[in-house]
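A short reminder: the numbers here are calculations on the coordinates, not readings from a lab. Predicted, not measured: the structure shown is a model, and the values here were computed from it. All Cβ positions, even for glycine, are placed from backbone atoms using ideal geometry, and neighbour counts span all protein chains on display.
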Amino acid sequence: MKCPFCGFEESKVIDSRPTDEGERIRRRRECLSCGRRFTTYEIIESLPIIVIKKDKSREVFDRDKLFNGMMRACEKRPVSVDVIEKAIDEGFDIRGYYLWSLFDNFEWSAGYHYKFGIATTDFATGETKWKRSAYFYRDFIQKARETAK
Ligand SMILES: [Zn+2]
């Protein structure tokens, strides 16, 4: 594992512990060249998730790409890097159309001032209404399903 500071390839493990559900092992390492410390995570390799893009091309799911996309989407919004990391790590299911639930998470973490979702709630009556974007999205999904057949 290359040191992120100097690029040296050898480091020693100074601490090792399982994370949350024991699905990952967190290792604190110290570079044998520059002595700086960094953290790595060890996970079990699983089958790659394939992302099918709008133009029907396929590519292997790339966590960094997702992270960067989410960072861009949240640029002018009060969503911290930690929240984005957490959303990815806790594994919202990206194998499908989950736009609303993903963005709902941001709404919860951002308080009530920013609205992200495809539905809106009238807080006086508690009534939920679909926004125009919801209907756009419904049509988009329908079209995608039909062309996938
Ligand atoms: Zn180093």
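Restricting the range 16-39 to residues that are of a type outside the set (D, E, K, R), within 21 Å of the chain's Cα centre (by Cα) and in a loop (DSSP other than H, G, I, E, B), the residue that is nearest to the ligand (Cβ to nearest atom) is Thr19.
Just one of the numbered conditions (1) in a strand (DSSP E or B); (2) away from the ligand (no atom under 16 Å from the Cβ); (3) touching an Asp or Glu at 6+ places or on another chain (Cβ under 8 Å) is not true of Glu42: (3).
Scanning the range 1-15 for residues that are within 12 Å of the ligand (Cβ to nearest atom) and of a type outside the set (A, V, I, L, M) turns up Lys2, Cys3, Pro4, Phe5, Cys6, Gly7, Phe8, Glu9, Glu10, Ser11, Lys12. Considering only the range 18-44, state which residues are over 13 Å from Lys2 (Cα atoms) and of a type in the set (Phe, Trp, Tyr). Across the range 18-44, the qualifying residue is only Tyr41.
The requirement of being within 30 Å of Ala144 (Cβ to Cβ), of a type in the set (A, V, I, L, M) and not in a loop (DSSP other than H, G, I, E, B) is fulfilled somewhere in the range 54-66, by at least one residue.
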